Amino acid sequence: MKGMTPLLALICVLAGLYAGVATAADSASTGQYLAIAGDCVACHTAPGGKPFAGGLPVPTPIGTIIATNITPSKTAGIGNYTEQQFSDALRRGIRADGARLYPAMPYTAYARLSDDDVHALYAWFMHDVSPVDTAPTPTRLPFPFNIRLSMAAWNLLFLDSKPFTPDPGKSADWNRGAYLVRGLAHCSTCHTPRNLLMAEQSSRELAGGDVGTWHAPNITSDANSGIGGWSESDLVAYMKLGHATGRAQAAGPMAEAVDNSLQHLTAADLQAIATYLKTVPAQHDPVDTRAVDSWGAASDELDSLRGVALPSDPNKMTGAQLYDGYCASCHQAQGQGSFDGGLPSLFHNTATGRTHTNNLVMVILDGIRWPADGSDVHMPGFAQTLTDQQVATLGSYLIKHYGNPAAAISVDQVKTLRAGGAPSHLVLLARLALVVVVLLLVAIIAMLMRRKRQKARRAGHD
Ligand code: HEC
Ligand code: HEC
Ligand code: HEC
């Protein structure tokens, strides 16, 4: 019997080693899946750059913030991060050197992540991502935003750092969906409106927010303004394929989210997201007197084109002439589209049914690109072909025939969007408000410190 012991011990050690390797491998592949669900690559990769090497400028109302290198490079990336430091960056917005991150990094959403998921992400980034030893240009914001400590005050006001706690009254599927939507998949980063200090308004979860020149629409359960009329399978199809036939298609930042992230999620996770979305409290916009995907009907103005010469001034072309010349080849004479949604109809489409018309302008200017799916261009952009006046005329034509007539598109709007959007008055106000908050906090801290010193002095006199 005695001779068996070393052999048994060896078997145990080998089995233990195997189990260790297996859990490390599991953890790494889980980590990769989580990184995809969190779409880390979207911000941490510059166009044409190496994955996760940073360099993408993220435009924010307070200035351009450059995403950093999160490859495990010891000189330019996060190679020296401990798991605790990684967790603090991800969930509390604190860098390894103690400096605060700007909330352009969605740590307010990632704060919901479980310890296990942070662990798996860390394992994958450290072991499976190739290190890149070049650091992108550092972020330089104007005063007072260059003071990263001001974010400590912001976090105090707006960061809810509690991890996700499941609701025992709801199904496992619902809880998984809530965890993904509020946390890793950070839908609220784009879809929740923000207050003057650029923090998400939690009472208006997913009621619609702005992402640069795009609008991430209301996706609450409201039947008219949101996705209340969508079936769960419509939602799953939208996230998997980038379009839900007869309702909507993903362009701009949403096409990127589908392309890099959502289409790669498991069927169970997409279903869980859909289950949760259908229960998000409805937020209604009174302008949506019908469901945003139910406006318009097949129609044309072909009569107005027959025997009429095109005007010599291209800015005088009518909507019908522009539509016939540039769009009808794909979307068909009456806007009805074809190929079972491959070329979508322009009526019964949220793109024309929403009174928020920036996306309609953006899609005409930029078209629809899915850089990662190989097919690349889904719809060409017309920024080089059409003038601001022409885009406004065409957009107004589309709204009149196929959309909500309460909507409008102006030449100035097209001009502004073409130029990349303008800093709004709200942004100026936000700056002012932020400065005031920071000053107030500094004043309060100074007062507290003086009181403490006075107390200490008094204690010394006694
Ligand atoms: C919406 C854009 C965005 C997404 C998505 C995003 N990040 Fe970031 N991240 C940033 C930006 C911008 C910074 C730099 C912020 C700053 O300098 O204050 C940053 C910083 C970081 C840092 C700090 C690194 C350092 O030392 O500067 C880590 C770690 C990090 N991100 C990890 C991740 C991980 C992991 C994911 C995916 C789960 C992720 N990020 C997704 C934008 C993003
Ligand atoms: C990076 C920003 C961003 C993120 C993250 C994001 N979205 Fe979107 N989403 C948008 C934008 C912008 C649109 C509008 C796209 C368009 O009109 O082509 C959109 C459109 C949609 C629509 C269609 C709504 C309509 O009326 O046409 C749905 C549904 C949707 N998103 C769901 C989600 C879900 C669920 C998540 C998280 C799993 C998510 N989005 C994450 C930016 C984002
Ligand atoms: C070469 C074919 C083609 C042409 C030409 C074309 N489109 Fe499209 N368009 C598409 C396809 C394909 C989609 C849907 C892409 C998808 O589902 O990913 C689309 C989508 C759209 C959408 C919905 C976008 C969204 O965000 O939901 C609008 C609006 C639109 N096109 C308007 C136009 C207008 C206006 C013109 C003319 C200036 C035009 N298209 C010309 C192929 C075309």
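The values are calculated or read from the model by the stated rules, or taken from the named source; none is laboratory data. Just so it is clear, the model here is predicted, and its values are computed rather than measured. Please note: Cβ atoms are built from the backbone with ideal geometry, for glycine as well, and neighbour counts cover all protein chains shown.
Set side by side, the residues T289, T350, T279, T355 differ, and just one is polar (S, T, N, Q) and closer than 20 Å to V411 by Cα, which is T355. Taking the conditions (1) away from ligand 3 (no atom under 16 Å from the Cβ); (2) not in a helix (DSSP H, G or I) in turn, H215 satisfies each one other than (1). Only one residue in D222, D210 is in a loop (DSSP other than H, G, I, E, B) and within 12 Å of ligand 2 (Cβ to nearest atom). Which one? When all the criteria are applied, what remains is D222. Within the stretch 54-72, residues that are over 22 Å from M126 (Cα atoms) and in contact (Cβ under 8 Å) with a residue 24 or more places away in the chain have Cβ atoms under 9 Å from residues that are hydroxyl-bearing (S, T, Y) and part of a strand (DSSP E or B) in these pairs: V58/T64, counting only partners at least 6 apart in sequence or on another chain.
Here is the figure for the stretch 316-346: residues that are within 21 Å of S304 (Cα to Cα) and under 26 Å from the mean Cα position of the chain (by Cα) total 1. All of V391, V414, V377 fail the test of being at pLDDT below 95, assigned by TED's automatic domain parsing to the domain that holds R354 and not in a loop (DSSP other than H, G, I, E, B), apart from V377.
Among the listed residues N224, N218, identify the single one that is in contact with an Asp or Glu (Cβ under 6 Å, 6 or more places away or on another chain) and at pLDDT 95 or above.
Answer to the selection: N224.
So, in the stretch 156-185, how many residues would count as being in a helix (DSSP H, G or I), at pLDDT 95 or above and surrounded by fewer than 17 Cβ atoms within 10 Å (Cβ to Cβ)? Residues that pass the stated criteria total 2.
Selection of the stretch 41-61 for residues being of a type in the set (G, A, S) and in contact with a His (Cβ under 8 Å, 6 or more places away or on another chain) yields A53, G54. Scan the stretch 384-421 for residues that are more than 24 Å from R247 (Cβ to Cβ), more than 16 Å from ligand 2 (Cβ to nearest atom) and of a type in the set (G, A, S) and the total you get is 3.
Going by the conditions given, is T220 away from ligand 3 (no atom under 16 Å from the Cβ), touching a Phe, Trp or Tyr at 6+ places or on another chain (Cβ under 9 Å) and of a type in the set (V, I, T)?
Numbers: away from ligand 3 (no atom under 16 Å from the Cβ): yes; touching a Phe, Trp or Tyr at 6+ places or on another chain (Cβ under 9 Å): no; of a type in the set (V, I, T): yes.
Taking the combined requirement at face value, the residue does not satisfy it.
Among the listed residues A419, A406, A456, identify the single one that is modelled with pLDDT under 95, over 29 Å from the mean Cα position of the chain (by Cα) and among the small types (G, A, S). Just one listed residue meets the conditions, A456.
Where helices (runs of 4 or more DSSP H) fall wholly inside the stretch 240-326, the ranges with 3 or more residues that are under 20 Å from V361 (Cα atoms), within 16 Å of ligand 1 (Cβ to nearest atom) and in contact (Cβ under 8 Å) with a residue 24 or more places away in the chain are 252-260. It is to be established whether one or more residues within the stretch 357-375 are on the phi > 0 side of the Ramachandran plot and in contact with a strand residue (DSSP E or B) (Cβ under 7 Å, 6 or more places away or on another chain). Yes: one or more hits.
Among G395, G342, G403, G337, which is the only one that is touching a residue at least 60 places away in the same chain (Cβ under 8 Å) and away from ligand 1 (no atom under 16 Å from the Cβ)? Write out each step before concluding.
Working: G395 fails: touching a residue at least 60 places away in the same chain (Cβ under 8 Å); G342 fails: touching a residue at least 60 places away in the same chain (Cβ under 8 Å); G337 fails: touching a residue at least 60 places away in the same chain (Cβ under 8 Å).
The unique qualifying residue is G403.
A Cβ distance below 9 Å, combined with a sequence gap of six or more or placement on separate chains, defines the contacts here; from the stretch 179-202, residues that are touching a residue at least 40 places away in the same chain (Cβ under 8 Å) and among the charged types (D, E, K, R) reach residues that are assigned to a helix (DSSP H, G or I) and within 14 Å of ligand 1 (Cβ to nearest atom) in the pairs R182/A109; R182/S188; E200/T108; E200/A109; E200/S188; E200/T189. Right, T75: outside any helix (DSSP H, G or I) and surrounded by fewer than 16 Cβ atoms within 10 Å (Cβ to Cβ) or not? Yes.
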